[in-house]
Amino acid sequence: MNTMKRFLFLTAIAAVIQFSFFGCASSSKVSQKSEELLPRVERVADFHERYSLERVVVLSRHNIRSPLSGNGSALSKLTPHQWFNWTSAPSELSLRGGVLETVMGQYFRKWLESEKLIPENYIPKNGEMRFYANSMQRTIATAQYFSSGMLPVANVQIEHKYLPSKMDAVFTPQITHIDDAFEKKARNDIENLGGNGGLNALCKTLLPAYAVLEKTLDFDQSAYAQENSFNHFKYDDTEIILKENNEPSMKGSLKTATSASDALVLQYYEEPDVKKAAFGHKLSEHDWELIASIKDVYGDVLFTAPSVAKQCASPLLSVIKEELTVPERKFSFLCGHDSNIGSVLASLDVESYELPCAIEKKTPIGSKVVISVWKDKSGAEFAELTLVYQTVAQLRSMELLTLENPPAVYSLSLTGLSKNGDGLYLLPEVTERCAQAVQ
């Protein structure tokens with residue numbers, strides 16, 4: 001399903017979940033749809049008699065941060081209202097983000113102990129575990145908090161190449177080689193995200209979301225609107241910029257709207273008063289989904305077009321492939337950004353999905369792509385791909401996560417590969433898919 005169809009699917013509020021679920025966790029402070037369901041993996045009765053967990057590779061998005069720009073920036077001009085009083089400097093992990101990531105680490109500890117991959121109070125031997133983060137404060141801090149929750153007595157050292165904050169090339173979703181042929185194909189792939197109508201048609205599907213965003217911001221009263229004689233975000237002014245050794249970028253309404261969408265979503269997670277989070281407006285959960293869809297489409301446009309995704313994800317996919325095959329490794333934690341998850345999953349040709357119990361439908365804050373490797377009695381190895389994330393209710397209420405109250409665990413599928421009856425892929429097929437994407 002292309003991005004335009006996916007967005008129309010969202011605006012019609014028709015969620016099709018190809019999975020077995022139980023009810024979403026709810027909070028008195030969070031509006032949850034009663035019909036939404038929390039995804040989990042269902043195991044057959046004798047699964048653990050036939051398989052043992054051998055190792056796990058996690059690609060994580062950082063947890064809740066402050067917006068990328070602070071007071072006095074262009075962001076502050078997009079609304080006459082005062083933004084949330086963030087607990088961290090611009091772009092850095094917030095206090096809530098640290099708590100939530102520790103909670104997620106504690107859940108992983110209980111899960112890995114239950115699978116007998118690690119004992120209680122485990123202290124890994126050299127080479128058994130790896131915690132590697134991009135050299136940004138929010139990613140290093142996320143990895144540190146996660147490791148503290150998962151291995152509370154191990155004093156884990158987080159591997160990162162630079163002092164904060166500088167991008168590590170492994171985690172930088174950039175164009176590494178560009179020529180006329182590549183640029184033509186890349187732009188064609190981006191246009192194809194919008195179907196026959198191209199990029200403008202895709203952006204046009206955002207008009208309902210723009211309307212909700214403008215109303216929530218009281219955008220017509222903002223300094224930006226007054227200074228630019230600009231009252232509405234447009235669908236036909238997006239310009240894609242592709243440069244060698246740079247991340248894909250854009251100009252136009254979608255970029256400007258995304259900065260506000262991103263900040264509002266983060267404010268919704270942080271601010272206990274739902275109405276205050278919306279600057280005094282009463283928004284439905286669907287309204288919040290529409291606001292978040294703007295940044296989702298922005299990420300899709302820049303990082304998931306096939307030819308672009310493969311260049312952006314290649315360094316990180318090389319690391320993931322290696323981590324899947326290191327004999328002594330039990331657990332690998334790679335911490336980056338939503339652009340990393342988006343480009344990696346696009347490069348692996350993961351089937352289209354829409355996450356329940358989330359307003360960010362593709363790569364929610366703090367979400368994790370988990371590749372778990374299982375061995376059967378014959379010694380054959382299999383891989384399972386899931387996306388693990390905290391629901392909106394869990395994010396806003398900072399719920400403790402346990403095996404009895406888990407985060408959402410959504411099963412991912414690879415186009416063109418077949419799972420066995422237990423929902424597992426042959427590991428060599430998955431590592432070969434990684435290798436093909438890198439090539």
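The values are calculated or read from the model by the stated rules, or taken from the named source; none is laboratory data. Note that the structure is predicted; figures quoted are calculated from it, not measured. Glycine also receives a Cβ, built like all others from the backbone with ideal geometry; neighbour counts cover every protein chain displayed. Areas reflect the complete protein model, heavy atoms only, side chains present, ligands, DNA and RNA absent. Shrake-Rupley method; radii C 1.70, N 1.55, O 1.52, S 1.80 Å.
Among the residues of segment 223-243, the one identified as in contact (Cβ under 8 Å) with a residue 24 or more places away in the chain and of a type in the set (S, T, N, Q) is Thr238.
Highlighted here are the strands (runs of 3 or more DSSP E) found entirely within segment 16-111 that include at least 3 residues which are open to solvent by 10 Å² or more (accessible area, probe 1.4 Å) and modelled with pLDDT of 95 or more: 51-61. When segment 176-224 is filtered for residues that are open to solvent by less than 60 Å² (accessible area, probe 1.4 Å), closer than 18 Å to Lys234 by Cα and among the acidic types (Asp, Glu), the ones remaining, listed by number, are Glu214, Asp218.
Against the numbered list (1) farther than 30 Å from Leu290 by Cα; (2) among the aliphatic types (A, V, I, L, M); (3) not in a loop (DSSP other than H, G, I, E, B), Leu163 comes up short only at (3). Under 8 Å between Cβ atoms, which residue pairs at least 6 apart in sequence (or on different chains) link something in segment 115-129 that is touching a residue at least 12 places away in the same chain (Cβ under 8 Å) and over 15 Å from Val326 (Cβ atoms) with a partner that is hydrophobic (A, V, I, L, M, F, W, C) and in a loop (DSSP other than H, G, I, E, B)? Close Cβ pairs satisfying both conditions: Asn121/Val153; Tyr122/Leu151; Tyr122/Ala154; Ile123/Leu151; Ile123/Val153; Ile123/Ala154.
Given the residues Leu395, Leu417, which is the only one that is in a helix (DSSP H, G or I) and either of a type outside the set (S, T, N, Q) or free of Cβ contacts under 8 Å to residues at least 60 places away in the same chain (or both)? I'd like the intermediate steps shown before the answer.
Values: Leu417 fails: in a helix (DSSP H, G or I).
Leu395 is the lone residue from the list that is in a helix (DSSP H, G or I) and either of a type outside the set (S, T, N, Q) or free of Cβ contacts under 8 Å to residues at least 60 places away in the same chain (or both).
Restricted to helices (runs of 4 or more DSSP H) entirely inside segment 221-329, those with at least 1 residues that are of a type outside the set (Ser, Thr, Tyr) and under 26 Å from Met167 (Cβ atoms) are 253-270, 285-303, 306-325.
Every residue, every condition in (1) open to solvent by 30 Å² or more (accessible area, probe 1.4 Å); (2) without any contact (Cβ under 8 Å) to a residue 60 or more places away in the chain, yes or no:
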| position | (1), (2) |
| --- | --- |
| Asn245 | yes, no |
| Lys251 | yes, yes |
| Ala260 | no, no |
| His281 | yes, no |
| Trp288 | no, no |
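If I filter segment 419-430 for residues that are under 27 Å from Asp189 (Cβ atoms) and open to solvent by less than 40 Å² (accessible area, probe 1.4 Å), do I get at least one hit? Walk me through it before giving the result.
Keep residues of segment 419-430 that are under 27 Å from Asp189 (Cβ atoms), which gives 425, 429-430.
Filter again for open to solvent by less than 40 Å² (accessible area, probe 1.4 Å), leaving 425, 430.
Yes.
When Tyr235 is tested against the conditions (1) within 18 Å of Pro80 (Cβ to Cβ); (2) open to solvent by 40 Å² or more (accessible area, probe 1.4 Å), the lone failure is (1). Is one or more of the residues making up segment 175-183 touching a helix residue (DSSP H, G or I) at 6+ places or on another chain (Cβ under 6 Å), in contact (Cβ under 8 Å) with a residue 60 or more places away in the chain and under 24 Å from Leu254 (Cβ atoms)? Yes, segment 175-183 contains at least one residue that is touching a helix residue (DSSP H, G or I) at 6+ places or on another chain (Cβ under 6 Å), in contact (Cβ under 8 Å) with a residue 60 or more places away in the chain and under 24 Å from Leu254 (Cβ atoms).
Could you tell me which of the residues His337, His286, His281 is touching a helix residue (DSSP H, G or I) at 6+ places or on another chain (Cβ under 9 Å) and more than 29 Å from Asp218 (Cα to Cα)?
Numbers: His286 fails: more than 29 Å from Asp218 (Cα to Cα); His281 fails: more than 29 Å from Asp218 (Cα to Cα).
Exactly one of His337, His286, His281 is touching a helix residue (DSSP H, G or I) at 6+ places or on another chain (Cβ under 9 Å) and more than 29 Å from Asp218 (Cα to Cα), namely His337.
So, Ala383, is that one in contact with a strand residue (DSSP E or B) (Cβ under 8 Å, 6 or more places away or on another chain), closer than 12 Å to Val56 by Cα and among the aliphatic types (A, V, I, L, M) or not?
On the way: in contact with a strand residue (DSSP E or B) (Cβ under 8 Å, 6 or more places away or on another chain): yes; closer than 12 Å to Val56 by Cα: yes; among the aliphatic types (A, V, I, L, M): yes.
Answer is yes for this residue.
Every condition in (1) in a loop (DSSP other than H, G, I, E, B); (2) more than 14 Å from the chain's Cα centre (by Cα) holds for Pro356 except the one numbered (2).
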